[in-house]
Amino acid sequence: MPTGNVPSQIGNCSSLSTLILSANNFTTGPVPAALASLSKLEAVDLSENNLSGSLPKELPNLSLLLSFNISHNHIEGELPVGGFFNANPLSSVDLYLTELARGYTPNPLS
């Protein structure tokens, strides 16, 4: 089972449309900002890890994202504003058991 950070080299996978790294027990570090360079991503699942820190402010640039799951992590702070958090066609956001700022609901989900 992997440990440590989600590798920043993930940003080199430019054709990636689905990223599922759930339950890998990453033991340190944040969601890498390099994810924001993956312009073809439609689904991200980083649930059930031990990721910490805040979400990269560049994440809303993922305009094709349909599903985003970071549940069961130690992510804190606020959701980045704009981009996929406020756009259609985002259909699934799972922030369960994170430490993100309470009370924010993206427009399509409100």
**Asked** Taking the highest mean first, how do the peptides 73-81, 17-25, 31-39 order by number of other beta carbon atoms within 10 angstrom per residue?
**Response** 31-39, 73-81, 17-25
**Asked** Which residues does a label at Asp94 reach in the stretch 16-52, if reach means a backbone N under 18 Å from a point 7 Å past the Cα toward the Cβ?
**Response** 18-26, 31, 42-52
**Request:** Starting from the amide H of Gly29, placed 1.01 Å from N in the peptide plane, find each other amide H under 5 Å away whose residue is 5 or more places distant or on another chain.
**Result:** Ser52
**Fill in**
Non-local residues with an amide H under 5 Å from the amide H of Gly77, with H modelled 1.01 Å from N and Pro and chain starts lacking one, are Ala101
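Where a number appears in this text, it was derived from the coordinates with a stated rule and is not lab data. Only a predicted model underlies this, so the values are computations on that prediction, with no experimental measurement involved. Positions of Cβ are backbone-derived with ideal geometry, glycine not excepted, and every protein chain shown enters the neighbour counts.
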